[in-house]
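None of the figures in this text is laboratory data; all of them are computed from the coordinates on show. These figures come from a predicted structure and were not determined experimentally. Heads up, the Cβs are rebuilt from the backbone with ideal geometry, glycines too, and the neighbour counts pull from every protein chain shown.
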Amino acid sequence: MTITKLENQLPERLPKMVVFDLDYTIWETWIDCTSGPPFAYSAEENVIYGRGRENVKLFKDITAIFALIKSFPDTKIGIASRTHTPDWARAALKMLRVPELGGAPTLQSQIDIIEAYPSSKIKHFQALEKKSGISCEEMIFFDDEWRNKEVTTLGVQFNHVDTRKGVTMQQFMASLRKFDKESRYVQTKLDFSKH
């Protein structure tokens, strides 16, 4: 389905920030378990390879989801990852691309705030809220670990991700509808007549 068709299915109220975990949420591995940088990038596959030739590959719908979020008028993208190798994660984000966006920019260039270090996700979200000025109640979060549902105590909408599929477009759209239904915030109304 094209981004334009998806835009026509969006609810009226949208989150101010969409936050993703990294491992088994946007890519199909634990970055900590690779042999690490220097990574080699394959433009044909949009995959990076560690020194041991193991790959870091994005789940199927991730780049389309990023491109869709970028069409929202005032929604930011955040990362909350408990990785023990934040430099490796940042190196991967600087190489992997979003082909649906003109010029195929890197994932990192589309992310507004990255909180990547070993810690509770509560700490990650407190930092995201402080740095962005966006209330946790205006954020949705995708993560493969149930223990990270603890962020709901801050008001974040938690979405559990299947480690075999990562965040799918179907799950992403369902989370937006849930946010729209449950949110008490009135967001900017989308107007796609300008496209």
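Label-to-label distance, Ala104 versus Arg147, with points set 7 angstrom from Cα along the beta-carbon direction: 3.8 nm.
Loop-located GluC sites (Glu not before Pro) in the stretch 11-52 (DSSP state not H, G, I, E or B) with no more than 11 neighbouring Cβ atoms inside 10 Å: Glu12, Glu44, Glu45.
Over the chain, DSSP H runs of length four or greater, each weighted -39,500 (n - 2.57), average out per residue to a 222 nm ellipticity of -8000 deg cm²/dmol. Cα centroids of the stretch 140-185 and the stretch 1-65: how far apart, whole angstrom? When both Cα centres are located, 16 Å separates them.
Over the stretch 70-195, the Kirkwood radius and the radius of gyration, each from Cα atoms, give a ratio Rg/Rh of 0.95. Specify the angular offset, from 0 to 90 degrees and rounded to the nearest 10, of the alpha carbon long axis of helix 121-132 from the longest principal axis of the alpha carbons in the chain. Relative to the chain, helix 121-132 is tipped by roughly 60 degrees. The order of the peptides 129-135, 172-178 by mean Cβ neighbours within 10 Å, most packed first, is 172-178, 129-135.
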